[in-house]
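Everything below concerns the one structure shown next.
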Amino acid sequence: MTRTWEISTVTDAARVRIATARVAAACGVPPLERTRLTAALGTRLRRCLAEGGAWRLVLTTARATLRVEVARSPAGDEPPWLITAPCPGPAGPAADPLAADAPVLSEALLGADEDAAVLLDRLAGQEELVAFHREELHQTNQGVLALHAELDAAGRAQREAFAAERAARREAEAARRRLTFLADASAALTASLDHEEIVRRLPELLVPEYARTVDVWLLDAEGDRGPSVPRPAAAVLAARTGRPQYAAARPGGLPGVNDQPPSALLPDRPLLCVPLPARGAPLGVLTLTPPGERWDPDDAVMLLELTRRAGGALENARRFEHNQDIAETLQRALLTELPSLPGLRLTARYLPATYGLNIGGDWYDAFRQPDGSLITVIGDVTGHGLHAAVMMSQLRTALRAYAVDGGTPGELLTRLHTFLHHLQPDLYATAVIARFQPGEPVLTWAAAGHPPPVLRGPDGRVRTLDAKPGAMLGIPLHQEISDHTVPLEPGSTLALYTDGLVERRAQGIDPGIERLSAALGAFRADELDADLDGSAERILEPMLSDSERDDDVCLLLCHLDGRFDGRYVSRADGGPHGRDVRLGGRPGDRRLDGRLDGHLPAGS
């Protein structure tokens, strides 16, 4: 079996080393010989990377011998570097270094620890043997002076072995510390999808252990970003070439880094300027000064890898923020403008989930029927994301179309159920429709699998309208959804909402409905008359204080003016106008956790 791999980066070298170790293990190479083989190969690969250029590794298993050759690609005049190992077993399956994902890397690390354990066991055995002979020589030293020199030599050899072991342990501990830091730092950088947060975290992670100062220079499509400030020539060169640069009075000898003269801006401090890589041009440059006189080469390699991962995190964050802006624009476009009737005021709140693209299937709507009735509806399409939002928009459009022909809330929900079942058999939705009819102090409503409406009377008493609802819309079941009526007095307030407002994983939905009822009943009648918009905010704040915001939240309040005689009629022009429609938060805000905030002004 013969395998050939091209090597040009540290990652290529690491993967090839892993593949060689796996092939050696599959061929039955003893752990001691396998460790010698991989250690020697790793040393050679590091030298190759330090020299630069492309290299080729050829691995051959034949005649009970594992043969590894490393040479320049294409081949030059210098002979290839060669190492062999006995191969007592048949060749195992070929190892593909490109498959070195996280599980394979973890397995390789554990396999290397097993080989190291074999070496340590053998070393322990040798140490015990030396100790035994030393004790024996000590006991006979009184009578055999000729053996004194040999005993002294054995003691020196033992001390040297102990010193070598301590040095190896220190090096292993340093390597473990670097790997642990790299893993923890990578997790911290990739945990955020806000590029400003990632930029802020980089200095916090590196100072003071691995750098004295850290400067993050971000670029945009045209070049520099932000106010123009002087930049070291090495940083500019790193941004142009995409290669790390080291600026100091003496060469740094750092693997994979080009040496440059000292910076005129900081002539007394070495600078390591590493580009933040992306799929296209670099996103920026990370400029560091060492915590001491200079960097250890292994620390520098770790910093290069961390910068590579930071570049990936920044690129992901920028892509997410771009998609988030698109989602916010789409969500704003899907929000409806609320109409009003004399004596009846509406206000709504929509808060998207804090995860994903901030767009989902929760929706609300309010519109007039031809007979002057006002239809208010709130619903929830199963799922989240763009598909749920599109289906929500189709349901809202279908409902408005059906309502043109009249019909009660129950009849409208029944038609929506049939529409959704034929349109998307594998998609379901819940909804509540309430109708306010001119000249009739009666509220007509119907529900389909949705949390029940909550009605507050003018005396502050709150009741849950939990008459038997219909099943979810779209399920493979024929159903006729019934209407329900309840007296409606001036000063009454109807709250329609989605389950994201009241449901908690550990408690269910009933305690949340009770909390909503208590919050609605705590208002004075004049407060709802004077400031329905502020009342909605005062309801949301305590209701969401314990929420993880993993689902959309929608709230629609319908308040009948307490000073009104109940004979409200539709506007003569029949045209809706926006009132109290908001996404929540302050005008123009977009919070760092990905939540969409900001007002949508009336009539926007």
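We did not get these values from a lab; they are worked out from the coordinates using the rules stated. Small disclaimer: the values here were computed from a predicted structure and weren't measured. Virtual Cβ from ideal backbone geometry, glycine too; neighbours counted across all protein chains shown.
If a/c stays under 1.5 just call it rounded; otherwise compare a/b with b/c (prolate if a/b is bigger, oblate if not). Do that for the stretch 2-100, with a ≥ b ≥ c from the square roots of the Cα gyration tensor eigenvalues. Prolate shape, in that a/c is at least 1.5 and a/b is the bigger ratio.
The residues packed around Phe181, meaning those with a beta-carbon under 11 Å from its beta-carbon, carry a net charge of -1 if Lys and Arg are +1 and Asp and Glu are -1. Can you tell me, using C-alpha contacts under 8 Å and at least 6 residues apart, the relative contact order of the stretch 192-326 as a whole percent? Computed over the stretch 192-326, the figure is 29 percent. The length gained on full extension between Asp405 and Ala172, counted as 0.36 nm times the residue separation minus their Cα-Cα distance, comes to 76.0 nm.
Using the Cβ-Cβ distance between Thr4 and Arg159 with R0 set to 51 Å, the FRET efficiency works out to roughly 0.65. Taking label positions 7 Å along the Cα-Cβ direction at both Leu179 and Ala467, the computed distance is 6.8 nm, reported to one decimal. When the square roots of the Cα gyration tensor eigenvalues are ordered a ≥ b ≥ c, the ratio a/c for the stretch 478-519 is 1.5 or more and a/b does not exceed b/c, which makes its shape oblate.
Taken along the Cα-to-beta-carbon direction at a fixed 7 Å, the label points for Ser545 and Thr140 span 8.5 nm.
Between Ile326 and Asp371, 0.36 nm times their residue separation minus their Cα-Cα distance comes to what?
On the way: separation 45, 0.36 × 45 = 16.20 nm, distance 3.83 nm.
Using 0.36 nm per residue and subtracting the Cα-Cα distance, I get 12.4 nm.
Amide hydrogen proximity for Val553: with H placed 1.01 Å from N in the peptide plane, the residues at 5 or more positions away or on another chain lying under 5 Å are Leu351, Ala353.
Placing R0 at 35 angstrom, the Cβ-Cβ distance between Ala506 and His422 gives a FRET efficiency of 0.40 after rounding to 0.05.
Quick one: pull the percentage of alpha-carbon pairs in the stretch 335-582 with a separation above 33 Å. Each step should come with its number before you reach the end.
On the way: 3589 of 30628 pairs.
Here the long-distance tail beyond 33 Å is 12 percent of all Cα pairs in the stretch 335-582.
Specify the inter-centroid distance of the stretch 277-314 and the stretch 16-66, based on alpha-carbon positions, in whole Å. Using only Cα atoms to place each centre, the spacing works out to 28 Å. For the pair Arg63 and Ala39, a Förster radius of 30 Å applied to the C-beta separation gives a FRET efficiency near 0.80, rounded to the nearest 0.05. Subtracting the Cα-Cα distance of Ala522 and Val130 from 0.36 nm times their residue separation leaves 132.6 nm of extension gain.
Once you keep just the Cα pairs under 8 angstrom separated by 6 or more residues, what percentage relative contact order results for the stretch 2-100?
Working: 158 pairs, mean separation 37.3, N = 99.
Over the stretch 2-100, the number comes to 38 percent.
Distance from the C-alpha centroid of the stretch 395-418 to that of the stretch 158-183: 73 Å, rounded to the whole angstrom.
How do Thr414, Thr485, Thr180 rank when sorted from fewest to most other Cβ atoms within 10 Å of their own Cβ? Walk me through the numbers on the way to the answer.
On the way: Thr414 22, Thr485 13, Thr180 10.
Placing the least packed residue first, the sequence is Thr180, Thr485, Thr414.
Rounded, prolate or oblate: which fits the stretch 153-249, taking a ≥ b ≥ c as square roots of the Cα gyration tensor eigenvalues, rounded meaning a/c under 1.5, else prolate when a/b beats b/c? Taking the square roots of the gyration eigenvalues as a ≥ b ≥ c, the stretch 153-249 is prolate.
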